[in-house]
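To start, the structure itself, in structure tokens.
The values are calculated or read from the model by the stated rules, or taken from the named source; none is laboratory data. These figures come from a predicted structure and were not determined experimentally. FYI the Cβ positions are ideal-geometry reconstructions off the backbone, even for glycines, and counts take in every protein chain you see. These accessible areas exclude ligands, DNA and RNA; they are computed on the full protein's heavy atoms, side chains included. Shrake-Rupley method; radii C 1.70, N 1.55, O 1.52, S 1.80 Å.
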2 protein chains.
Amino acid sequence: MQNVRIIEIKKSVFENNDKDADLLREELKAKGVFLLNLMSSPGSGKTTTLIQTINRLKEKLKIAVMEADIDSDVDAKKIKESTGIESIQLHTGGMCHLDAEMTRQGLDHLNLDKDLVILENVGNLVCPAEFDTGASKNCMILSVPEGHDKPLKYPLMFSICDLVLINKMDVAPYFDFDLEACKSYIKMRNPKAKILPICAKTGEGIDQFADWIIESVRLWKEGK
Amino acid sequence: MQNVRIIEIKKSVFENNDKDADLLREELKAKGVFLLNLMSSPGSGKTTTLIQTINRLKEKLKIAVMEADIDSDVDAKKIKESTGIESIQLHTGGMCHLDAEMTRQGLDHLNLDKDLVILENVGNLVCPAEFDTGASKNCMILSVPEGHDKPLKYPLMFSICDLVLINKMDVAPYFDFDLEACKSYIKMRNPKAKILPICAKTGEGIDQFADWIIESVRLWKEGK
């Protein structure tokens, strides 16, 4: 396996994260870098989804990925090996989320001649939702085996996401997963959320996810 | 559906959680109540596993369950309907874990003429591992769809658990899940951890989990 850079993230000292996140968004806007924050539970398929999506996007957009985990560098290595794009691992040292300053620490280690930087946040449906990373858009993955009732139990995460991907649709026949109920629970939390069933393994819905990213970057560049 | 009591948990003011957790363990010991803390990611099957296990145990032990979630009361209702035992819902109001004082707030609402109280902690592989709840034993569920690499990414959770249940073994053929690799990663984090593959849906391994609980309660009552 190729080696990847591992960045040890330090705890932030900023007290006003919302203000700092707005500042980071302005800095990234000035540099023309769209930051996408991808969140989910552990094991919902963030990395596999990213690999599939980046391989569809990398000829159209200049992309880098920051993989945040408490420990290990398996995800950053997988991304680098499977897509060839710039990929670094952020170690949070036990911390359960990234805030804007921690995200900035990661960005400082990237070559920012990019159109798109994707932050794969720590696997956690709770804490990452509470901290604005400075991202232009928030996206989350819920996977079929986790169950369709998750929007009832983790309201904040679903309420802050622009796009909810429902992954592992290929195994839906083996689980008691009610897609229509799930969609209605998501809409209850967040009427504006876009919902897209996908399967990172078979490729179902990945073209649409890639199109959503391209369109989001385009509108953002046009200031819409 | 039957109604269940919903307890709104307040944030703790205690500064020394470890000390408070030891105190709670002593209090529970004096009352003869064994507290089992069950943790996992969202959607790994905690509630279904509990229902199967409680139905095997309820003639042998007096049991109550505390279901902790940020919102909703679906789990406490499911437990009550499917097992008939005392079950209450704890709402953490956005908080991502329970500490000892928050656990005590829940216990105060139970009739403690029980041998065993099971705390189903908030679905999260990160934060609950950092806070001793005062439990006699810690147990976690990792489910097959989450992937065998999770002990590499969430070291603390695996290191503090006495028992790791590997759930949803029935769907292993549909996922790239390497059970032996998973076991070796868990042992790397925690050589003393007991590991038990189960399937809450088919009942595989549930008898062994029930036996582990009975034996743990017996040894604890004997002061071992």
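Computed values, structure above
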{"read-out": "Where only C-alpha atoms are counted, convex hull volume of the protein assembly as shown per residue in Å³", "value": "138"}
{"read-out": "Segment A:60-136: C-alpha gyration tensor shape, a/c 1.5 cut-off, then a/b vs b/c", "value": "oblate"}
{"read-out": "Label 7 Å beyond Cα on the Cβ vector: A:Pro173 copy-to-copy distances, nm", "value": "1.2"}
{"read-out": "For residues of B:70-77, the mean tally of beta carbons on other chains within 10 Å", "value": "4"}
{"read-out": "Residues in segment A:151-186 occluded by at least 10 Å² - accessible area, probe radius 1.4 Å, against chain by itself", "value": "A:Leu152, A:Lys153, A:Tyr154, A:Pro155, A:Lys168, A:Val171, A:Tyr174, A:Phe175, A:Asp176"}
{"read-out": "Solitary cysteines of the protein assembly as shown, where the nearest other Cys Cβ is not under 4.7 Å", "value": "A:Cys139, A:Cys161, A:Cys182, A:Cys199, B:Cys139, B:Cys161, B:Cys182, B:Cys199"}
{"read-out": "At 7 Å out from Cα toward Cβ: B:His109 inter-copy label distances (nm, ascending)", "value": "4.3"}
{"read-out": "Net charge dipole size for segment B:22-71 [Lys, Arg +1 and Asp, Glu -1 on Cβ; Debye, nearest 20]", "value": "360"}
{"read-out": "Delta accessible area of at least 40 Å² on complex formation, residues of segment A:119-147, 1.4 Å probe, chain isolated as reference", "value": "A:Val126, A:Pro145"}
{"read-out": "Carbon + sulfur, % of accessible area of segment B:1-154 - ligands and nucleic acids excluded, 1.4 Å", "value": "47"}
{"read-out": "Paramagnetic label zone (point 7 Å from Cα along Cα-to-C-beta, A:Lys19; backbone N under 20 Å) in segment A:91-115", "value": "A:99-105"}
{"read-out": "Average beta carbon contacts from partner chains per residue of B:33-42, 10 Å cutoff", "value": "3"}
{"read-out": "Accessible surface, per residue, of chain A when the full set of protein chains is kept, probe 1.4 Å, Å²", "value": "40"}
{"read-out": "Loss of accessible area when A meets B, both sides summed, Å² nearest 100, probe 1.4 Å", "value": "2600"}
{"read-out": "Across the identical copies, how the B:Lys221 labels are spaced - nm, sorted shortest first, 7 Å along Cα→Cβ", "value": "7.0"}
{"read-out": "B:Lys80 accessible area, 1.4 Å probe, all protein chains in place, Å² to nearest 10", "value": "60"}
{"read-out": "A:Glu86 accessible area, 1.4 Å probe, all protein chains in place, Å² to nearest 10", "value": "50"}
{"read-out": "Sequence of A:Leu61, A:Leu219 from largest to smallest accessible area, 1.4 Å probe", "value": "A:Leu219, A:Leu61"}
{"read-out": "Cα gyration tensor category, rounded, prolate or oblate, for segment A:1-93 with a/c compared to 1.5", "value": "oblate"}
{"read-out": "Gyration tensor (alpha-carbon) shape descriptor, segment B:184-224, a/c threshold 1.5", "value": "oblate"}
{"read-out": "Per the axis that maps chain B onto chain A, nearest residue of B (Cβ criterion) and its distance in Å", "value": "B:Pro145, 2"}
{"read-out": "A:Val13, B:Val117, reordered so the largest accessible area comes first (probe 1.4 Å)", "value": "A:Val13, B:Val117"}
{"read-out": "Contact order relative to length of segment B:1-94, as percent, for alpha carbon pairs under 8 angstrom and 6 or more apart", "value": "43"}
